[in-house]
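The values are calculated or read from the model by the stated rules, or taken from the named source; none is laboratory data. Computed from a prediction, not measured in an experiment: that's the story for all the values here. As a convention, Cβ positions derive from the backbone with ideal geometry for all residues, glycine included, and neighbour counts pool all protein chains shown.
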Amino acid sequence: MEGGAGMETRARQKKIPGRQDKLEAGDKIGETELTASRHANTEGEIGLEKILKELREFRKENNEKLVDIKEDLNSTNKRIEEAEDRITEAEEQIKQTGEVLIELLKLQTQLENKLTDQEGRSRWDNFRIYGVPENSKNCSSTITFVEKLLKDGLHLDPSTELHIQRAHRALAPKPTDSARPRSIVVKFLSFKTKEDILGQVWRKGGLMWHNA
């Protein structure tokens, strides 16, 4: 029995080195796996750092682009505000110009009406004589001729003052001998004198020039 126990002890002692080899091999495998894991972790950390770096760069680029966009927007808004101010100013000027134009048109209408009235009033002193031949004037001026025509035709006193301001043929081309002669326009200084002469002409039924 003692001999058998001794043999078992030896056998066990012999088997122990094998176990140690296995343990050593296992330890080496564990170390390899640990090294690989550490290496993988290191690579993972490097990859994460690279990703973070790229993300930071991307974020930085985006921020720079956003700053540029904001500056462009601010510049655009500023130009738009300036354009709106100019448009508002132009609209105000157009409005004022329109108001001034309306006033000027009103003033022009008033002036035209006054001018027409003045022209009409100035014609109140005018007197037209029709039917006097073109070559019948034998005086130094048309005024002298008209005074002689009226005094002779109406049998007025030669000393009568007719107060004729001006006298002339109507403003038209001189007609031919066979055409109707132009009228003579006479302007008196006094409306009363014109009315008196006109009344006498109507009462006499017209003027006679050289019994014609």
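From the list Asp157, Asp125, which residue is touching a strand residue (DSSP E or B) at 6+ places or on another chain (Cβ under 8 Å) and closer than 16 Å to Asp196 by Cα?
Details: Asp157 fails: touching a strand residue (DSSP E or B) at 6+ places or on another chain (Cβ under 8 Å).
So the residue among Asp157, Asp125 that is touching a strand residue (DSSP E or B) at 6+ places or on another chain (Cβ under 8 Å) and closer than 16 Å to Asp196 by Cα is Asp125.
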Notebook entry, point to check: When the range 119-165 is examined, which residues are found to be at pLDDT below 80, surrounded by 10 or more Cβ atoms within 10 Å (Cβ to Cβ) and either assigned to a helix (DSSP H, G or I) or touching a His at 6+ places or on another chain (Cβ under 9 Å) (or both)?
Noted result: Arg121, Ser122, Arg123, Ser136
Item checked: Failed criterion for Glu112 (all others in (1) modelled with pLDDT under 80; (2) charged (D, E, K, R); (3) surrounded by 10 or more Cβ atoms within 10 Å (Cβ to Cβ) hold) -> (1)
Item checked: Pair list, Cβ under 6 Å, 6 or more apart: the range 185-206 residue touching a residue at least 60 places away in the same chain (Cβ under 8 Å) and more than 17 Å from Gly120 (Cβ to Cβ), other residue among the polar types (S, T, N, Q) and not in a helix (DSSP H, G or I) -> Leu189/Gln165
Check: With (1) more than 15 Å from Leu207 (Cβ to Cβ); (2) assigned to a loop (DSSP other than H, G, I, E, B) as the list, and His168 as the residue in question, which single condition is left unmet?
Finding: (2)
Next item on the list: Filter the range 112-141 down to residues that are among the hydroxyl-bearing types (Ser, Thr, Tyr), under 60 Å from the mean Cα position of the chain (by Cα) and more than 25 Å from Arg203 (Cβ to Cβ), then give me how many there are.
Entry: 3
